[in-house]
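Enquirer: Structure provided below as structure tokens; questions to follow.
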Amino acid sequence: MKTTFVATNAYQQKEAAAIKQFNDLLAANQSISLKKNNKHIFKERDKKPNLDLRHFNHVISIDSDKNIASVEGMTSFYDLVAATLPLNLMPQAVPELRSITVGGAVAGLGGQSSSFKFGLIHEMVTEFDLLTGEGKVIHCSPQSNADIFYMLPNSYGSLGYILKCKIKLNKVLPYVKLQYIRFSTAVEFFNAMAAAVKASTVDFIEGVSFAPNEYILLLGDFKPTLPVGETNLIPLQFPFFKSIRDANVSEKHLTIKDYIWRWDPDAFWATDQKNVIGSVLLNPLFRKTFGPTILRSDRLIKLGKLRNRLRKKGDARLIFLESKRKEALIQDAAIPFAAAAEFDTWLAKELNIFPLWYCPVKTTKPLGTYPLYNPESEFVLDFGFYISMELENDMEDYHYNKQIEQKLLEYHGLKCLYSDTFFSESQFWSIYNKSKYDQVKTKYDPNNTFLNLFDKVINKP
Ligand SMILES: Cc1cc2nc3c(=O)[nH]c(=O)nc-3n(C[C@H](O)[C@H](O)[C@H](O)COP(=O)(O)OP(=O)(O)OC[C@H]3O[C@@H](n4cnc5c(N)ncnc54)[C@H](O)[C@@H]3O)c2cc1C
């Protein structure tokens, strides 16, 4: 059965208006930059956003026989999930944070605890319509404009904007049973995770470490009902990161909706702050009363960005009671699975970075299919760094970000480019396939309407 939410002619009118808006900006010699209400890109840009495609934020239709949704490019995963769950469907993977959009997750990569089976978001997107630098809309799929279809993942809007796309869905059950399996050494944890990935008998796999002797593997399975006498965990009321740290708890049930958004109310562990703000955000009464309005990753990320701006001016210490200079370490990096334990040991020993989030990711297509996201092995482990690190007086700015970035080169790791990135131009293009990128860029954006990928994602001195 196909449920349609946006009529074809209504969409066509919107598309025609977007093309006109785009071409008017070009005619006025304005460089193009996308307006967004929420961005997950952690870089200050000096360009003023001028292209408004924010109204491309609807689910167009859901085909529950073929398990495919057709969605506009700026639709948030939160809205997409809200439309699919009543039909007992969800996207094959859903990024953890609610305001990530479908187009943004293709252009900037995204995945989740089901990615060990289904890969990253771009692998479940079967076709899209792209607004190119020449102000044309082209259809892209493995059969049509295949070169740009495969180049778009990790291109960060440097090749065009997705106006609509089709994404694969899976059937769901109402509950997820989550097992918390604890390990006191990294080696045991990584072996157990590798075994779970290989067996592939569960629906969701992820892991977290909080300390050198505190590693937790989280295995999730769909369940039709809640066992009698059991209450389900509600992360808005009780933070998910706290629940998994409780050594007395070895399993919990969540509704499928709460499972999908388990990390969202606390933006992983962003609320775990040893200051007044932290004690308010973790207070049970506050969570009950104001939780639905305040405890949302989009709002917490805005608070985090404000803190980073204040840090640059030296004011954060006053407001956030920071006793030392701090650096935001917000990164995702994929390491070939076989090297993950060694990389983790280095992180723990040399940089003492905790907590860390671990998400196993499969590349479902042949290696090399996506030139800008080209891991060397079928399985990688995504390391999620979502913390602030204290800087000693003798440490340069971005000390931790830079150390990790250089170490990734050794391990053939692939970092996401949404955050601070310092590679030299030659290092960058040795990872991200310049010749293929240049071919596609020249073909579809001959006038360089959009910034080149390197210029767009690299931190300027
Ligand atoms: C703190 C943090 C945590 C994260 N955690 C996760 C996680 O847990 N799981 C996960 O999967 N991912 C995670 N990510 C990565 C995230 O999926 C990517 O950053 C993604 O690009 C964000 O999408 P967005 O819609 O917010 O795009 P934006 O942040 O607005 O834009 C990202 C880039 O994509 C471009 N872009 C935006 N929309 C489109 C479009 N329609 N067509 C083409 N290009 C477009 C923009 O120009 C920009 O260059 C995280 C990012 C951050 C900052």
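None of the figures in this text is laboratory data; all of them are computed from the coordinates on show. This is a predicted model, so every value here is computed, not measured. Cβ coordinates were reconstructed from backbone atoms using ideal geometry, including for glycine residues, and neighbour counts include every protein chain displayed.
Enquirer: Looking at region 326-412, what % of its DSSP beta bridges pair antiparallel, to the nearest 5?
Expert: In region 326-412, approximately 100 percent of DSSP beta bridges are antiparallel ones.
Enquirer: Here is a follow-up. Please rank GLU392, GLU206, GLU327, GLU15, fewest neighbouring Cβ atoms within 10 Å first, as an exposure proxy.
Expert: Neighbour counts put them in this order, fewest first: GLU392, GLU15, GLU327, GLU206.
Enquirer: Gap in Å between the Cα centre of region 92-133 and the Cα centre of region 243-288?
Expert: Region 243-288 and region 92-133 have Cα centres spaced 25 Å from each other.
Enquirer: I've got another one for you. Taking the Cα centre of region 175-415 as origin, sum charge times position over the Cβ atoms of Lys and Arg (+1) and Asp and Glu (-1), and report the length of that vector in debye to the nearest 20.
Expert: 1020 debye
Enquirer: Still on this structure, please answer the following. By average Cβ neighbour count within 10 Å, what is the ranking of 192-201, 255-264 from highest down?
Expert: For the peptides 192-201, 255-264, the packing ranking is 255-264, 192-201.
Enquirer: List the residues, sorted by chain then number, that are 5 or more residues from GLU206 or on another chain and whose placed amide H is less than 5 Å from its amide H.
Expert: Those qualifying (amide H under 5 Å, at least 5 residues apart or on another chain) are LEU218.
Enquirer: Can you tell which of GLY73, GLN112, PHE290 lies farthest toward the positive end of the dipole of the chain, using +1 and -1 charges on the Cβ of basic and acidic side chains (Lys, Arg; Asp, Glu)?
Expert: The one lying farthest along the dipole's positive direction is PHE290.
Enquirer: I've got another one for you. With a/c under 1.5 counting as rounded, go ahead and sort region 175-415 into rounded, prolate or oblate using the C-alpha gyration tensor (a ≥ b ≥ c being the square roots of the eigenvalues; past the cut-off, prolate if a/b is larger than b/c, else oblate).
Expert: Note, shape of region 175-415 comes out oblate.
Enquirer: Tell me, what is the percent relative contact order of the chain, built from C-alpha pairs under 8 Å that lie six or more residues apart?
Expert: 16 percent
Enquirer: In which sequence would ILE205, ILE294 go, from the one with the fewest C-beta neighbours within 10 Å to the one with the most?
Expert: ILE294, ILE205
Enquirer: Give the residue from LEU391, LEU281, PHE204 lying farthest towards the positive end of the charge dipole for region 175-415; charges sit on Cβ (+1 for Lys and Arg, -1 for Asp and Glu) and the dipole is referred to the Cα centre.
Expert: LEU281
Enquirer: Can you list residues from other chains, or at least 5 along the same chain, whose modelled amide H is less than 5 Å from the amide H of GLY110?
Expert: ILE121, HIS122
Enquirer: Whole Å is fine, so just give me how far the alpha carbon centre of region 1-80 lies from that of region 341-381.
Expert: That distance is 31 Å.
Enquirer: To continue, here is another question. Let me know the charge dipole size of region 339-381 about its Cα centre in debye, to the nearest 20, where only the beta-carbon of Lys, Arg (+1) and Asp, Glu (-1) is charged.
Expert: 160 debye
Enquirer: Order the peptides 140-150, 328-338, 95-105 from the highest to the lowest mean number of other Cβ atoms within 10 Å of their residues.
Expert: Result, highest mean Cβ count within 10 Å first: 95-105, 328-338, 140-150.
Enquirer: From the backbone phi of region 352-361, what are the Karplus-calculated ³J(HN,Hα) couplings (6.51 cos²θ - 1.76 cosθ + 1.60, θ = phi - 60°) in whole Hz, Gly and Pro given as x?
Expert: With coefficients 6.51, -1.76 and 1.60, one gets 6, 9, 8, x, 10, 10, 10, 9, x, 10 Hz.
Enquirer: Given the C-alpha centroids of region 164-178 and region 427-457, what is the distance between them in whole angstrom?
Expert: 34 Å
Enquirer: Using modelled amide H (1.01 Å from N, peptide plane; none on Pro or chain starts), what sits under 5 Å from the amide H of ALA334, excluding residues fewer than 5 places away?
Expert: PHE383, LEU414, LYS415, CYS416
Enquirer: What's the exposure ranking of GLU123, GLU405, going from fewest to most Cβ atoms within 10 Å?
Expert: Ordered by Cβ neighbours within 10 Å, fewest first: GLU405, GLU123.
Enquirer: Which one of ILE234, ASN308, ALA10 is farthest out on the positive end of the charge dipole of the chain, using unit charges on Cβ (Lys, Arg +1; Asp, Glu -1) and the Cα centre as origin?
Expert: Looking along the dipole axis, the top candidate is ALA10.
Enquirer: Is there a pair in LYS36/LYS164; LYS66/LYS136; LYS177/LYS362; LYS36/LYS402; LYS402/LYS460; LYS274/LYS324 whose C-alpha atoms are over 18 Å apart, and which pairs would that be?
Expert: Violating the 18 Å limit, Cα to Cα: LYS66/LYS136; LYS177/LYS362; LYS36/LYS402.
Enquirer: Once you charge only the Cβ atoms, +1 for Lys and Arg and -1 for Asp and Glu, what is the size of the charge dipole of the chain about its Cα centre, to the nearest 20 debye?
Expert: 1200 debye
Enquirer: Using only DSSP helix segments of four residues or longer, with each worth -39500 (n - 2.57), what per-residue ellipticity at 222 nm results for the chain after dividing by its residue count and rounding to 500?
Expert: Helix contribution divided over all residues of the chain: -9000 deg cm²/dmol.
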